[in-house]
1. Being part of a loop (DSSP other than H, G, I, E, B), over 30 Å from ASN427 (Cα atoms) and out of contact with any Asp or Glu (no Cβ under 7 Å at 6 or more places or on another chain) narrows it down to one residue among ARG24, ARG70, ARG28; which is it?
2. What strands (runs of 3 or more DSSP E) lie completely within the stretch 315-398 and have 3 or more residues being over 18 Å from the mean Cα position of the chain (by Cα)?
3. Given the criterion under 18 Å from ALA375 (Cβ atoms) and either part of a strand (DSSP E or B) or not aliphatic (A, V, I, L, M) (or both), identify the matching residue among ARG224, ARG212, ARG200.
4. With (1) surrounded by fewer than 22 Cβ atoms within 10 Å (Cβ to Cβ); (2) at pLDDT 95 or above as the list, and ARG28 as the residue in question, which single condition is left unmet?
5. Those residues that are surrounded by 21 or more Cβ atoms within 10 Å (Cβ to Cβ), within 21 Å of the chain's Cα centre (by Cα) and under 22 Å from GLU253 (Cβ atoms), I need them from the stretch 179-213; list them, please.
6. Which one is nearest to ALA344 (Cα to Cα), of the residues in the stretch 292-319 that are surrounded by fewer than 23 Cβ atoms within 10 Å (Cβ to Cβ) and among the acidic types (Asp, Glu)?
7. Any idea how many residues of the stretch 376-401 are surrounded by 15 or more Cβ atoms within 10 Å (Cβ to Cβ), in contact (Cβ under 8 Å) with a residue 12 or more places away in the chain and not charged (D, E, K, R)?
8. Looking at the stretch 58-72, can you tell me whether even one residue there is surrounded by 20 or more Cβ atoms within 10 Å (Cβ to Cβ), of a type in the set (Val, Ile, Thr) and either under 17 Å from VAL352 (Cα atoms) or modelled with pLDDT under 95 (or both)?
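The values are calculated or read from the model by the stated rules, or taken from the named source; none is laboratory data. Computed from a prediction, not measured in an experiment: that's the story for all the values here. Methodologically, a virtual Cβ is constructed for each residue, glycine included, from the backbone with ideal geometry; neighbour enumeration extends over all protein chains shown.
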Amino acid sequence: MNTAEASARVVVIGGGFGGLQAVRALRRVDADITLIDRHNYHLFQPLTYQVATGALAPGDIAIPLRHVFRRQERVRVLMGEVTACDLEQREVTLKEAPSSADIPIPYDYLIVAGGSDYSYFGHDEWRSVALEVKSLDSALEVRGRILHAFEAAELHPDERDSWLTFVVVGAGPTGVEMAGQIAELAHGTLRKEFRQIDPRTARVLLVEMGDRVLASFASPLPERAARSLRRIGVTTMLDHRVTEVSTDRVVVEASDGTSSEIATRNVVWAAGVRASPLAQLLADAARAQTDRAGRIAVEADLRLPGHPDVLALGDMVRVSDPDAHEARVYPGLAPVAMQQGRYAAGVIAAAVGGRPPAAPWHYRDKGTLATIGRARAVADVRGLRFSGLPAWLTWLVVHIFYLIGFENRFIVLSRWAYSYFTGGRGNRLITAAAKGSRERG
């Protein structure tokens, strides 16, 4: 492309952490940028589980994309779903939701940051029963189901045990955080609000195929996390895998082959990750292969092999490692996507400016954190491993720092302070949409 004749046209697909950082980093590049997302907002995904348990409101962790880029006049935000990608013609097809019309969007450079979704290991029929909390819509539905379970237990004493049994599948950070929040909701927030039932009798079961919770954390943090979970009333079922999910039960199988049935009306899924369908869309367009988790391989500079004008990043890619001579999968964490987003913007900036290509991308690991409950967390920050209140305060500061917008930061900090000192949760409404979903399920 001759940049003297026209500005570069950059299309960014995905308004998550990676896409957001890429667009921000391109603000000084001579480029017209089009950001495409299925939603009109950026979601702070690490805190969706707190929306699902009434600790935060949807608007606390989401901000309109148009508001984020209101001062970047060369950024255009489009809401819709990308359904096709023509790498030869340098064009993506956007399907507008209301009219289902196909709109071609040309580009000179393309950044694809589609993220990931939970994998149900070939049992997509479980999806309507075992909800996940990756999206805002699903988090709200989970909130409605959890709160409705206590209401149903109050009304139906003969079914109380199944309504007050909560099964969380997957003991990674999201599963641990979700189980801890449900336990605190039952044993703390709701303990004096019902007359026929005692919410503290609720059972919270955390089912994990592996032999420990938070398996990605180094010892002794998984052991400390397990102890903290037990103290707040969570029962861990390690070395168990789910074999059946229905509206009123879950069947699990232990590592020794024995099966057991759990009567429950409440299942939250936090196990397994699969790349966004955009990865397959891109692979089909490039005649490339994806791995078992649906990820596509990219070069060390995040470019799609054979297509230097296309970059992909985040949970949907494996990155070529020159030292290891193979593609590497990085953790599905916000810092990974953010660093890749800024790097991808730098690659395009160098290309537009006629500068030499950037050095291969390298991840700067700043540590991992997981909260278990009020004043309970574990942290591994550059080799320093600690837990308890210091880890929880570190977790709080980091999440406040990464939230977008001063108003959101102030509101979230205020809600956390209120919850810490009172144990209260101010966002416990059962909406008509959530109730209707529960009845349909």
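1. Just one listed residue meets the conditions, ARG28.
2. Qualifying strands (runs of 3 or more DSSP E): 317-321, 326-328, 376-381, 384-387.
3. Step by step, each of ARG224, ARG212, ARG200 is checked, and only ARG224 is under 18 Å from ALA375 (Cβ atoms) and either part of a strand (DSSP E or B) or not aliphatic (A, V, I, L, M) (or both).
4. It fails just one condition, (2).
5. Scanning the stretch 179-213 gives ALA179, LEU206, VAL207, GLU208, VAL213.
6. Out of the qualifying residues, it is ASP301.
7. 13
8. no
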